[in-house]
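Remarks on the structure that follows.
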Amino acid sequence: MKNREFLWGASTSAFQIEGAYNEGGKGLATTDVRKVPEGMADTKVAADHYHHWKEDVDLMAELGLKTYRMGFSWSRIMPDETLTPNPEGLAFYDELIDYLLEKGIEPFVTLYHFECPQALVEAFGGWKSRKMVDAYLKYAEVCFTHFKGRVKYWVTVNEQFIATAAPDLAMPYEPDAHLRSKWIYQISYHVSLAEHAAMALLRTVDPSAKIGPVNSMQVVYPLTSKPEDVLAAQEAEEMMEFYLLDMSVYGQYSPFAATWLKQRDLYPETLPEDEAVLQGSKPDFIGVNYYFSVCAKAEKKPFDFTTSFFWAGDDCLVVANPNLKKTEWMNMGTDAIGLYNGMRKIYERYRLPMIVTENGIAVSESLGEDGKIHDDYREEYLREHIQQIEKLEAEGYPVFGYCPWSFIDVLSSHQGFSKRYGLVFIDRTETDPKMCERVKKDSFYWYQSVIAQNGTEGL
Ligand code: BG6
């Protein structure tokens, strides 16, 4: 890498690793009350990071991390609807952040990663209500003020696309399919308002700190060269990615997105004073989460709210790319070049520095007879993807960091511990947390060499 300041990092999120769901004065989060299928791990223990945080930071230091992309648990910092800060929660993050800094690791902190206090959903409907914008702002203010000078990078919201498309994490259950969809766009609009209010606030509290969204990058290729399919791919990217990034960066919908929403009676309710909020701030960077690419083809169909890609629209169908190799957990296949394609497009549309905040491969893993994990497949996935970042950098695109998902094995967002992404294995099963012993995988040592020599050459 030419860029000597490059932030080599690794990622986690609070609810996926911390455990201790009811310790230290923490309130229940939406992710704590969500129903988990029988026999699947939940947030109660997760990777037990709450009790292993020091050991985890020592491992990060051994790995050579320059940054650690982590999350704060909103319900640990503000347990209930009174929004009173919980001193024990803040003390937990104080110790963690201070120790990271002592080890020379820059904390890169996400404020909102798929969870909020359940009390806010019960009190006023969570993101359905504009009260959530004020609640989020209060939470952000506590964090910005308390960690001023120590946290220099903030993420407003992780994957607004997924966070709002899974409304059980953000609002009460809505049985009517059309209404549910309407609410998804409404809560997403509230999230955008909250994000802009927080970005503006940080400028006054700590002007030297940087802030931005983390985008769930959607790389959609046309399934064929038919012009209709090319248009379908464009539409899918617009409605699964750019509509949200446009709100984060420009504070407005593209003409296409606005019309699309209005034609389907999905356009959110807005107030005249919102425009000043939405256009009053701009992010410093865009975080990119990327796992795989997909294809789209033109096809008129009714909305099917049960499929994960329903947001792509009712004019196109999202399907797997027949040219890619699929694996057990990566059923759309893997595509390193997609990382390059997607990031180039983002830069061309927004002209902001970018950092990869998540990128990884899920695999079922258990300790071998030698007590180790020989994950050469993970090395291969990471190598191919980092090489695309090196290509972007060589071509002059401003990428300032790369964080594999995940540092340690985490509780999947919806599939427990059966699929694993970590550089460090957590010795637990779905139902038995055992001691959550940490075991370094082969990929840990490989990534350590990449960081040490500042790039993949020869590795
Ligand atoms: C991203 C999220 O969407 O993908 C992570 O930011 C998540 O929280 C990751 O864990 C992988 O998805 P999953 O569903 O395999 O856990």
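Here are a few things to note about the model shown:
- Along each principal axis, taking the top coordinate minus the bottom one, the Cα set of the stretch 193-299 gives 51, 32, 15 Å in descending order.
- In a DSSP loop and with at most 11 other Cβ atoms within 10 Å, the chymotrypsin sites (Phe, Trp or Tyr not before Pro) in the stretch 144-197 are 173.
- Backbone phi angles across the stretch 268-283, fed through the Karplus curve with coefficients 6.51, -1.76 and 1.60 (θ = phi - 60°), yield HN-Hα couplings of x, 6, 10, 10, x, 6, 5, 4, 5, 5, 5, 9, x, 8, 9, x Hz in residue order; Gly and Pro are listed as x.
- Reachable lysines from residue 262, criterion Cα separation under 30 angstrom, eight or more residues apart if same chain: 128, 131, 182, 226, 282, 297, 300, 301, 345
- Summed over qualifying helices (DSSP H, 4 residues or more, each -39500 (n - 2.57)) and divided by its residue number, the chain shows a 222 nm mean residue ellipticity of -12000 deg cm²/dmol.
- Segments 393-399, 338-344 sorted - mean Cβ within 10 Å per residue, highest first: 338-344, 393-399
- At q = 0.23 Å⁻¹, base-10 log of I(q)/I(0) for the stretch 91-158 (Debye sum, equal scatterers on each alpha carbon): -1.02
- Straight Cα distances below 16 angstrom link residue 210 to the aspartates and glutamates 5, 106, 141, 195, 284, with same-chain residues fewer than 8 positions distant left out.
- Residue-wise HN-Hα couplings along the stretch 18-31, as the Karplus relation 6.51 cos²θ - 1.76 cosθ + 1.60 with θ = phi - 60° gives them from phi, are 5, x, 6, 5, 10, 9, x, x, 5, x, 6, 9, 4, 6 Hz; Gly and Pro carry x.
- More than 19 angstrom apart: percent of Cα pairs within the stretch 361-459: 45
- In whole percents, the pair-distance distribution calculated for the chain from its alpha-carbon pairs, binned every 10 Å from zero, is 4, 21, 33, 29, 12, 1, 0.
- Viscosity 0.692 mPa s, 37 °C: Kirkwood-radius Stokes-Einstein D of the stretch 230-270 over Cα pairs, µm²/s: 313
- Label point at residue 374 placed 7 Å out along Cα→Cβ; residues across the stretch 431-447 whose backbone nitrogen lies under 13 Å: 442-443
- Here residue 168 and residue 395 are evaluated by their C-beta separation; at R0 = 35 Å the FRET efficiency comes out at 0.25.
Bear in mind these aren't lab numbers, they're just calculated from the coordinates by the rules spelled out. The structure presented is a predicted model; accordingly, all values stated were derived computationally and were not measured. Quick reminder, even Gly has a Cβ in these numbers, built from the backbone with ideal geometry, and neighbours come from all protein chains shown.
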